[in-house]
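Please treat every number below as a calculation from the coordinates, not as lab data. Since this is a predicted model, take the numbers as computed values, not measurements. No Cβ is skipped: glycine too gets one built from the backbone with ideal geometry, and neighbour counts run over all protein chains shown.
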Amino acid sequence: MTVPLSIIKAIFKVVTFKLRFPRHYCNKTIKMDDGSEFRIFRHMHLTAHDSDSTGSIFIVHFKFKRFSHKTNVRLSRIPILMIAGFPGFRDKLWMIDHDTDYWQGIYQFASGEAIDGYRQSFVLHIMNKRAQSDSITYQIIRNQEIDNYLEARFVT
């Protein structure tokens, strides 16, 4: 999908109130399998989606090459419309581990095929350029709902 088409689709989702930024996960901390802890600072959710399937989760873990946390939080707003209009997109959570300076994005897509398409996208390519190349890892968890995934990892 082209960037302009993705942006147009996302704008339509915004004006039809299908794209939301819920706060119920913001400022909560999740613990990953390796013991690292990430604080969620933004959540983007598509209220209506094309499929009734469970979907799949895509996790991107990385460290930025430069800029402060505050600047990178601001810059992370730029690709929002490109992500929201991507085929199969359902959710994204932005988070950071302040102890290690690692960032993480957890996405929910309609299918593994949608994740494969996103992995080839312009927006992920730009993120990869901004990250330290030796710090980037990806994980795909098929047939898993994002809410269940997060609930099992919240730090109380």
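So, in the stretch 109-135, of the ones that are outside any helix (DSSP H, G or I) and within 14 Å of the chain's Cα centre (by Cα), which residue ends up farthest from HIS61 (Cα to Cα)? Don't jump to the end; show me each part of the working.
Of all residues in the stretch 109-135, those outside any helix (DSSP H, G or I) come to 109-111, 120-121, 131-132.
If we keep only those that are within 14 Å of the chain's Cα centre (by Cα) too, we end up with 109-110, 121.
Working: PHE109: 17, ALA110: 20, SER121: 17 Å.
The selected residue is ALA110.
Among the residues of the stretch 34-81, those that are more than 11 Å from the chain's Cα centre (by Cα), more than 22 Å from ARG20 (Cα to Cα) and not polar (S, T, N, Q) comprise ASP34, GLY35, GLU37, PHE62, LYS63, PHE64, LYS65, ARG66, PHE67, HIS69, LYS70. Number of residues in the stretch 1-33 that are part of a helix (DSSP H, G or I), under 30 Å from GLU151 (Cβ atoms) and out of contact with any Gly (no Cβ under 8 Å at 6 or more places or on another chain) equals 1. Of all residues in the stretch 84-118, those satisfying the criterion of being within 18 Å of VAL3 (Cα to Cα), touching a residue at least 60 places away in the same chain (Cβ under 8 Å) and surrounded by fewer than 21 Cβ atoms within 10 Å (Cβ to Cβ) are PRO87, GLY117, TYR118. Residues of the stretch 96-136 that are among the acidic types (Asp, Glu) and over 21 Å from VAL73 (Cβ atoms): GLU113, ASP116, ASP134.
The single condition from (1) touching a residue at least 40 places away in the same chain (Cβ under 8 Å); (2) more than 21 Å from TYR25 (Cβ to Cβ) that SER133 fails is (1).
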